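Accompanying notes for the structure given below.
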Amino acid sequence: MAVYKITVATGSDLAAGTFNNIFIILVGEHGESEKHQIARHWSHFLPGSVTEFDINVEKDLGELLLVQLNMECYLNFFLDDWFCQYVNVTSPSGQLYQFPFYQWISKPGSVEVPEGKGVIITGSTSPILLRQRKAELEMNRETYKWKVYAEGVPRCIDIEDDGVFKLPPNDQYSLLKEMSFGYNLLSIGFGTMLKGFMFNKDSWHNLEDIKLLSTLRQSQKSGLVSEIWKEDSFFGSQYLNGVNPSLIKKCFKIPENFSVVDEMVASSLGPSTNLETELQNGHIFLADYKILENIPTNTINGKQQYIAAPMCLLWKNPQDQLVPIAIQLIIPHFRYTLEINVLGRKQLLAPSGHFEKAWVFGDGGIPLLLKRAMEGVTFHNLCLPDNIVSRGMESIPNYLYRDDGMKIWLAVESFVSNIVNYYYYSDVMVKEDPELQAWVAEIFKEGFLQNCSSEVPSSLESIASLIKYLTMVIFTCSAQHAAVNSGQFDMYSWMPNGPTTMKSPPPTAKGATMEAILKTLPDVNTTALGLIFMWTVSNDPLDTRHLGNYPNKYFTEKTPQQAIKEFQDKLTEISKHIKERNKTMDLPYAYLDPSVIENSVSL
């Protein structure tokens, strides 16, 4: 008779515990145990509890490969979900086996949890593990199916618009996060309603009235933006360190469809230089919003909305400031270049390119916009180092998105390299890993629609290619998302700096009056909705998990655990540097501080 010591941990979420009966089966290379019920006690499955017990097995099971967990109703209680963190098993010989799970069990039946050591599928892999992995894959394919959102757009999960609450509990927000989002939404929503902004469909009468709304919620940076938003240097800095820092690129030749000449920009450049000289010196930059050309627009409060597809030429002046020198408007049947006062400039260049601010887009607008965006996606542009080089942005000063982003990219790359090189001994292992190759192929098919011109890999041939691919995925879902999402409230809660829509067509002549501009800006209630939205998406939920923070300990081996520690230490150093630098800045840039970057997209 062999005695195995079992430890079972329940999650700490308020709803993680259960009244159900829990059973366990141990599966080893020499066979499996009988089904054992975990002894019932009032404290055994409370949130945060750790239960220890012994089970007797007739023979030594050899190396343990799996544990099977079964959940059954207790008496006449309803079957309630249970969050199991992990199961640890100590064999008769004293060897510890760890089975990390960190998932909800929400229905009766058997759930198999493999041992925590990483296993690459090869010809020598245990048939028991092969069966378990295949069964898990088939179950996931049945649970998560693809559907077409729109032609030319990446596939999405096959659920109805209101179906998120029907997803498995492991894919829903935690109770704490739901409460956090709800509180953020209600706290600012009630304020705007009580003050009457939400029900007012009038145009703004002056800028001071807009401040009455913006003061309902302010961050340190949003208050500063409302004071400096008219300055050309701040306008230019947003292309470097705002919420759309990947649009701008160096310009060595004025595009043929941009009708700007020396005379138009001479007053901005000054007498000691000219446009051609600055082009040759690499001091001219271009932001082209051609993606917005002919996008259908919406009707809000019974009023037709409008959008421009501008091109903006910027100059790095001798003070190393990026300032606008020419803006060209492109609307159907017209193309013209003009000098625009600051209010007009801001509205013509909104939206920023962040598609979540989408009130202006009408029926079919979002799918068309996404399709155009996908046509321009390349693997190299998804990789920050390649993206910076392709846009000629290696040396422009004060590009903090680049500087902080590259530090994080290299830290992620080093972390990924340590993990990958631990599990994969050769390029052949990468090429012959069926699960890895199937994963990459599915992303290429369903995410990038098999677009070979994107150069997104459909398979991986080497350790180096795997490291780059995984670094891209992690960086995009964490740091890149933080860079384009976290600053929305800071930059745009002061609506004139980034209007969500225009109620009048773009001007065709210089000299727009303040009255005309105010009538073009979003109505009072549309402005209020924008404020609510940006406050909600820019605030971290209460259970945020920051980059490098892995409370779910899936890696049980020493080397990967050490790699995580080294990654965390590097991120701490980057964070310390950013915080020290920001102390000396009038307009700090903190969106790529690892201490505020989430591990993955959670909105």
Residues of region 192-235 with amide N under 18 Å of a point placed 7 Å along Cα→Cβ from Leu186: 192-195
Inter-part distance where region 6-65 and region 384-444 are each reduced to a Cα centre, Å: 39 Å
Chymotrypsin sites (Phe, Trp or Tyr not before Pro) restricted to region 516-603 and DSSP loop, no more than 14 other C-beta within 10 Å: Tyr554
Inter-centroid distance (Cα atoms) of region 80-95 relative to region 193-218, Å: 56 Å
All-pairs Cα distance distribution in region 377-453, expressed in whole percent, bin size 5 Å: 3, 12, 15, 17, 19, 18, 10, 5, 1, 0
The chain, accessible surface, carbon-and-sulfur percent (1.4 angstrom probe): 55 percent
Ranked packing of 101-108, 260-267, most packed first, by mean Cβ within 10 Å: 101-108, 260-267
Simple label model, 7 Å out from Cα along Cβ direction - Asn294 to Leu96, nm: 6.5 nm
Accessible area of Val27 in the full protein assembly, 1.4 Å probe (Å², nearest 10): 10 Å²
All lysines inside 26 Å of Lys316 as judged from Cα atoms, apart from same-chain residues fewer than 8 positions distant: Lys221, Lys230, Lys249, Lys250, Lys253, Lys290, Lys346, Lys407, Lys510, Lys583
Axial C-alpha extent at least 20 Å, average Kyte-Doolittle at least 0.0 - helices from the chain (DSSP): 175-194, 400-423, 524-538
Solvent exposure, largest accessible area first (probe 1.4 Å, DNA, RNA and ligands not counted), of Leu14, Leu175, Leu313: Leu14, Leu175, Leu313
Only Lys, Arg (+1) and Asp, Glu (-1) charged, at Cβ; region 411-561 dipole about Cα centre in debye: 520 debye
Accessible surface, region 242-326, averaged per residue in Å² (probe 1.4 Å): 46 Å²
Rg(Cα)/(2.2 N^0.38 Å) for the chain, N = residue count: 1.12
Cα pair distances of region 1-160 binned at 10 Å [whole percent]: 10, 34, 31, 17, 6, 2, 0
Dipole magnitude (debye, nearest 20) for the chain, charges at Cβ of Lys, Arg, Asp, Glu: 1140 debye
Rounded accessible area per residue of region 50-106, 1.4 Å, Å²: 50 Å²
Paramagnetic reach from Lys201 (point 7 Å along Cα→Cβ, amide N under 15 Å) across region 511-535: 523-527
Relative contact order of region 367-455, defined on C-alpha pairs under 8 angstrom at six or more residues apart (%): 39 percent
Over region 144-218, equivalent-ellipsoid semi-axes from the Cα gyration tensor in Å: 37, 20, 10
Net charge contributed by nearby residues that have their C-beta within less than 10 Å of Asn381 (K/R +1, D/E -1): -1
Translational diffusion coefficient (Stokes-Einstein; Kirkwood radius from C-alpha pairs) of region 218-301 at 25 °C, 0.890 mPa s, in µm²/s: 156 µm²/s
Helix-derived mean residue ellipticity, 222 nm - over the chain, DSSP H n ≥ 4, -39500 (n - 2.57), to 500: -10500 deg cm²/dmol
Lys/Arg +1, Asp/Glu -1 at C-beta; region 196-287 dipole; positive extreme among Thr273, Gln238, Pro255: Gln238
Sequence of Met514, Met534 when ordered by accessible area, the most exposed leading, probe 1.4 angstrom: Met514, Met534
Extension gain (nm, one decimal) between Arg155 and Leu130, 0.36 nm per residue minus Cα-Cα: 6.1 nm
Candidate aspartates and glutamates for bridging to Lys445, where Cα separation is under 19 Å - those fewer than 8 sequence places away on the same chain excluded: Glu138, Glu142, Glu151, Asp158, Glu375, Asp433, Glu435, Glu455, Glu461
FRET efficiency estimate (nearest 0.05) - Cβ-Cβ, Asn76 to Leu410, R0 56 angstrom: 0.45
Ratio of Rg to Rh over region 120-183 (Cα coordinates, Kirkwood Rh, two decimals): 1.14
Radius ratio Rg over Rh of region 192-331, counting only Cα atoms, Kirkwood formula for Rh: 1.05
Where only alpha carbons of region 458-554 are counted, the Rg and the Dmax (Å): 20.9, 62
Cα centroid separation, region 569-603 to region 123-154 (Å): 36 Å
Percentage relative contact order, region 184-263, counting C-alpha pairs under 8 Å, at least six apart: 15 percent
Asp586 - accessible surface, heavy atoms, 1.4 Å probe, Å² rounded to 10: 140 Å²
Relative contact order of the chain, pairs being alpha-carbon contacts under 8 Å that are 6 or more residues apart, as %: 15 percent
FRET E, pair Ser106, Lys230, Förster distance 41 Å, beta-carbon r, rounded to 0.05: 0.15
Theoretical gain in end-to-end length, Ala373 to Glu208 [0.36 nm per residue, Cα-Cα removed]: 55.7 nm
Ala39/Asn301 FRET efficiency (R0 56 Å; Cβ-Cβ; nearest 0.05): 0.30
Average accessible area per residue (Å²) across region 112-180 - probe 1.4 Å, nucleic acids and ligands excluded: 67 Å²
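The values are calculated or read from the model by the stated rules, or taken from the named source; none is laboratory data. Model, not experiment: these values are computed from the prediction. A quick note on method: Cβ atoms are made from the backbone with ideal geometry, for glycine too, and the neighbour counts reach across all protein chains shown. Just so you know, the surface numbers come from the protein's heavy atoms only, side chains and all, with ligands and any DNA or RNA stripped out. Shrake-Rupley method; radii C 1.70, N 1.55, O 1.52, S 1.80 Å.
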